[in-house]
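Asks: One structure coming up, written as structure tokens, with questions to follow.
The values are calculated or read from the model by the stated rules, or taken from the named source; none is laboratory data. Fair warning: this is a prediction, and the values are worked out from it, not measured in the lab. Neighbour counts run over all protein chains shown; Cβ positions are idealised from the backbone, glycine included. Surface areas here come from the heavy atoms of the whole protein model, side chains and all, with no ligands, DNA or RNA. Shrake-Rupley method; radii C 1.70, N 1.55, O 1.52, S 1.80 Å.
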Amino acid sequence: MKPIDRSTLVSFMGYLTIRWSYFLCLTAFCFLTGCGGSGGSNTKPPTPTLSSSKLGPHILGTANNTGAVTILGGCPRIAKWIAPTPGIDLAIASYKSNYPGGAVILRVFIPSSVATYSVANDPSASANDFWNKMSAQGLSAAGPANQIDWLEGPNEIDNLPNWYNDPTAANWVASFWSALADLMHSAGYNPLVGSLIGGQPSPVTLFAPLATVMKSKTYKWGWSSHSYTFGATTSVSTEGAIALYYRQLRDQNGLAGIPIVLSEGGYLTPSSTGWQGQLTNDQYLSWLKWFDAQMQQDPEVLGLTIFQVGDTTNWQSFDLTPIAQKLANYLATGS
């Protein structure tokens, strides 16, 4: 899944309003609730305790949208933003200030109309081109590299050849990602490679070229996959085909101990719509809690950023706003 490109720019005063209102909302919420600490006094509140849950928001729309502010009030240990978004720099800075141990995931949206590569292209030159486009499309607008914990690259196969069942393309992608990861590292970012469609590549051994080249790196890196459910089942064997497919990728490619972020996930229909109209609020929350318990069994998994909160136009059926308060309560209390 990917957000629809937005070219509409806000005015300078509107931009400042977004930045300031986000700061006020998030600071006020955390002061009042304490995220597990005490609040309501005139003394400086304690540093919030991060949620023990591995669930977090995948934020779209405006940086201070109501659903995002509510979920962030539950002190999630992980959150994802997409650049370019007005006010994203202060949104990320506020999250890192309020939750020093929290992990920020960032992806710069590069539509396929801007960059598409094939095995006929040189992979290193393509990686350099993609990096330049990331820079041009708003990477620096998200703030300094030291407040971004993990930086993603191409989303799924939006910009890449379909390598999920093609050994030649899989080797090309490995060379592409090797070069792109080096560029990210040189700029001060920790690369998060893959951004894999749930249940892909198939067979899992097609991930081997990319896994092998990345394991040769001496710097910090991780990988990402998408974890969607089609039936909201609580069957490990059933969900192993997509939502828990990362376990097969990890086990068969020697990736034990390498950080993984499930950078998209949740409920998905075969027609690529979301949970609204398919599940009740409680049914969806129940499945998310079950999946959280599964992630807790895998120490490499840093978390799932649930797609999505804030975009009520292009991805409305996925929007978490109707369950934002209950999800925040779960993050804060575990129940």
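Asks: For region 136-235, with all protein chains present and a 1.4 Å probe, just round the carbon and sulfur fraction of the accessible area to a whole percent.
Replies: Values: 1710 of 3380 Å².
Ligands and nucleic acids excluded, carbon and sulfur give 51 percent.
Asks: Continuing with this model, one more query. I want to check a number: in the chain, how many lysine pairs have alpha carbons closer than 16 Å, given a sequence separation of 8 or more or different chains? Don't skip to the answer; put the middle values down first.
Replies: Details: 2/80; 54/80; 54/289; 54/326; 80/96; 289/326.
So the count works out to 6.
Asks: How tilted is helix 88-98 with respect to the longest principal axis of the chain? Cα atoms for both, answer in degrees (0 to 90, nearest 10).
Replies: That helix lies at roughly 60 degrees to the long axis.
Asks: With charges set only on the Cβ (+1 for Lys and Arg, -1 for Asp and Glu), what does the dipole of the chain come to about its Cα centre, in debye to the nearest 20? Working shown, then result.
Replies: Details: 17 positive and 19 negative charges, 145 e Å.
Dipole magnitude for the chain comes out near 700 debye.
Asks: Which value, in Å², gives the accessible area per residue of region 58-198 when a 1.4 Å probe is used on the protein heavy atoms?
Replies: Numbers: 4240 Å² over 141 residues.
So region 58-198 comes to 30 Å² accessible per residue, rounded to a whole number.
Asks: Separate question: Given the options 183, 151, 196, which has the most mean-square fluctuation in a GNM of the chain, springs set between C-alpha atoms less than 10 angstrom apart?
Replies: 183
Asks: Using the heavy atoms of the protein chains alone and a 1.4 angstrom probe, what is the accessible area of region 227-298 per residue in square angstrom?
Replies: On the way: 2860 Å² over 72 residues.
Value returned for region 227-298: 40 Å² of accessible area per residue.
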